[in-house]
Each structure stands twice: as structure tokens, then as C-alpha cells.
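Visitor: Let me give you the structure first, and then I'll get to my questions.
The values are calculated or read from the model by the stated rules, or taken from the named source; none is laboratory data. Computed from a predicted model, the values in this text were never measured in an experiment. Positions of Cβ are backbone-derived with ideal geometry, glycine not excepted, and every protein chain shown enters the neighbour counts.
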Amino acid sequence: MKKYTNTGNKDTRSGFGAGMTQLGKTNPNVVALCADLTGSLKMDEFQANHPERFFQIGIAEANMMGIAAGMTIGGKIPFTGTFANFSTGRVYDQIRQSIAYSGKNVKICASHAGVTLGEDGATHQILEDIGLMKMLPGMTVINTCDYNQTKAATLAIAEHKGPVYLRFGRPSVANFTPENQTFEIGKAVHLIEGTDVTIVATGHLVWEAIQAAETLFEQGISAEVINIHTIKPLDAEAILKSVTKTGCIVTAEEHNYLGGLGESVSRVLAENHPTPQAFVATQDTFGESGTPAQLMEKYGLNAAAIVQKTLDVLKRK
């Protein structure tokens, strides 16, 4: 079984910041807007290097989305930055009407998603954002797994024409994908080949899926692990090819099981190849205050939960 090495824990939001710094040097049309969270979004270096292309909007997220939509008319590529809760739920009407409806080339970049936001609690730990954004026609939805992939995705979405939702997080997590990778929107990444079960994971759960596969391997179970960084458009071909071989699937995400990756996978399976499926996700609940590790444990969002769900779904083959 292929092994992956953690080169050192890093927060994915810093990967976004590094990507913005590089875009500042290479793409003069990229502009950045922030809702009073420059440090939290790691946009400081872009602001320092390109003050004429950085716009501090303040705590006025709806206004930020409207400004960003307007900037695209002049050929600019606006990247908006705030917490995931404020990037989606607070401004859904503005995104729908001003950005998605007319296909504006706005990049909605959202940090502090999911329960790994930690001690800030349920009001900030949005677990519905992927569902909200994937339902908007024409919206691309990306959820990256580590620092390197987040940086690569930030660079890639600048070249993509149309609205994008890029989701990442606050905590330091394993950094294990290639440093100078090419990020291909809509193309799943096969991490581990297997024959008994397919595990598709997104975001922070990708590393947990790798750890789960190693545990399962020790138990004589061959798990195929696929990194689904793009939830919309979903790489249905990769999923179907895998489940045709393995016969069952586990989906893993730091999101409500309603509206997230698992639900998108279910649609693909129902329409093409009905397959036993188990869900690792929050079960239609809000979060609460606690450390990221405590919350991942409580809500069943870790390697141990993936192992258990795998054992359950194998019984249904």
C-alpha cells in the first residue's frame, strides 16, 4: 500500500495566503477584498505588496460581494475573503443575484469552515456551506485538504472563468500533497489503490482517510482512497470506476451529511450504479465549542469513524 508522509502541519488558510501572494506578482488583474479579517485570511502580504489592489471593506460582507461583482465588469478578478459562515449564509442573496445569476468571475474564498474552527462555537462553525453553494447554477465548489493543495487551488481558480467557492480552514493539519502540484478543477486525485472498498474524502478528512486506510490494511482490508477536492463539478467518472471495482463506498467530509459531498455521490450512484454507501459527516446538527480534535472525535469526523463506517458498509456488499 502506498504510504504518505506528513511534511509538517500547516493551516490551509496560509496556503491561500501564499497563493494570493504569488498571484499578486503574476496576475495584475487579481484584486483582493476583505471583510475586516485580513490577518485571519492571511492576506497581509498581498495587502502590503499591492495596496492599490487591496480593498478593506470592513464588516459589510454583503457590500463586499456587490463590489466584487462590479469589479469583474472592468476585467478584474476579485478574490473575497472572510469566514465561511459570512462568505455564504450571511450573503447568500447577494451571491445568488449579483454573482451566480450573471456568472460573474468572482472567487469567494472562505476560511474557518466546519467544526475545526473550534472554540468559536456553533454560530461560526458553518456545516451547510457546501450545500448552499453547490446548488447555485454555474458555481464551482472546491474544498482543499492541505496547505500545498490550497495554494495550488488558489492559483488555479484565477485562471478559471466564472464564480468559484473555495473552502479552507483555520487549524494546522497534515501537509502531504506535492509542493508544486498542478491543481485540476473537477479532477479527483487517486491516493491509494484498493479492491475492497472505496473511500472518497474531501478537505480535512482526506488525511484521516489515509490513516483509516492504513488501519484497514493491517486488518486485511484493501481500501481505495480518492481525494475529491472539487465537489462541483464532481468527478463522477472516477467514482464510478472505483465502485465498479470495490462494490461499496464511504464518503467523508467535515459538513452536514445533508447537502454535502456524500449526497452528491449518492446521486451519481443512484443514476448510474447503485452501491452500498456509508456517510462520515455531521448528522444534521450544529457544532459547539471545543478544540478541533475534541470536536472531530465527538462528531465522528476522524480516521476511527471512517474505519467503523467501512466495516459497516462491507457487511452490505
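Visitor: For residue 164, are the conditions met, namely being in contact with a strand residue (DSSP E or B) (Cβ under 6 Å, 6 or more places away or on another chain), surrounded by 21 or more Cβ atoms within 10 Å (Cβ to Cβ) and either of a type in the set (Ser, Thr, Tyr) or not assigned by TED's automatic domain parsing to the domain that holds residue 138 (or both)? If you could, list the steps in order and put the result at the bottom.
Guide: On the way: in contact with a strand residue (DSSP E or B) (Cβ under 6 Å, 6 or more places away or on another chain): yes; surrounded by 21 or more Cβ atoms within 10 Å (Cβ to Cβ): yes; either of a type in the set (Ser, Thr, Tyr) or not assigned by TED's automatic domain parsing to the domain that holds residue 138 (or both): no.
Here the answer is no, as residue 164 does not meet what is asked.
Visitor: Given the options 259, 194, name the one that is under 23 Å from the mean Cα position of the chain (by Cα), within 30 Å of residue 292 (Cβ to Cβ) and small (Gly, Ala, Ser).
Guide: 259
Visitor: Looking at the stretch 285-317, which of the residues that are within 20 Å of the chain's Cα centre (by Cα) and aliphatic (A, V, I, L, M) is surrounded by the fewest Cβ atoms within 10 Å (Cβ to Cβ)?
Guide: Looking at the filtered set, the residue picked out is 293.
Each row is one residue, and each column tells you yes or no for (1) outside any helix (DSSP H, G or I); (2) among the polar types (S, T, N, Q); (3) buried (at least 16 other Cβ atoms within 10 Å of the Cβ); (4) not assigned by TED's automatic domain parsing to the domain that holds residue 89.
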site: 15; (1), (2), (3), (4): no, no, yes, no
site: 23; (1), (2), (3), (4): no, no, yes, no
site: 28; (1), (2), (3), (4): yes, no, no, no
site: 31; (1), (2), (3), (4): yes, no, yes, no
site: 38; (1), (2), (3), (4): yes, yes, yes, no
site: 46; (1), (2), (3), (4): no, no, yes, no
site: 52; (1), (2), (3), (4): no, no, no, no
site: 59; (1), (2), (3), (4): yes, no, no, no
site: 62; (1), (2), (3), (4): no, no, yes, no
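Visitor: Hey, another quick one. What are the pairs, 6+ residues apart or on separate chains, where a residue within the stretch 147-166 that is touching a residue at least 12 places away in the same chain (Cβ under 8 Å) has its Cβ under 7 Å from a residue that is assigned to a strand (DSSP E or B) and small (Gly, Ala, Ser)?
Guide: As it stands, the answer is 165/110; 166/110, since those pairs meet every condition given.
Visitor: Hey, any hits in the stretch 90-108 for a residue that's in contact with a strand residue (DSSP E or B) (Cβ under 8 Å, 6 or more places away or on another chain), under 23 Å from residue 300 (Cβ atoms), not acidic (Asp, Glu) and not assigned by TED's automatic domain parsing to the domain that holds residue 231? Step through it out loud before you land on a result.
Guide: So the first thing to find is which residues in the stretch 90-108 are in contact with a strand residue (DSSP E or B) (Cβ under 8 Å, 6 or more places away or on another chain), and the list is 95, 99, 105-108.
Retained after the next criterion (residues that are under 23 Å from residue 300 (Cβ atoms)): none.
Within the stretch 90-108 (the criterion being in contact with a strand residue (DSSP E or B) (Cβ under 8 Å, 6 or more places away or on another chain), under 23 Å from residue 300 (Cβ atoms), not acidic (Asp, Glu) and not assigned by TED's automatic domain parsing to the domain that holds residue 231), the answer is no, since none of the residues qualifies.
Visitor: With 7, 26 as the choices, which residue is in contact (Cβ under 8 Å) with a residue 12 or more places away in the chain and not basic (Lys, Arg)?
Guide: On the way: 26 fails: in contact (Cβ under 8 Å) with a residue 12 or more places away in the chain.
Going through 7, 26 in turn, just one is in contact (Cβ under 8 Å) with a residue 12 or more places away in the chain and not basic (Lys, Arg): 7.
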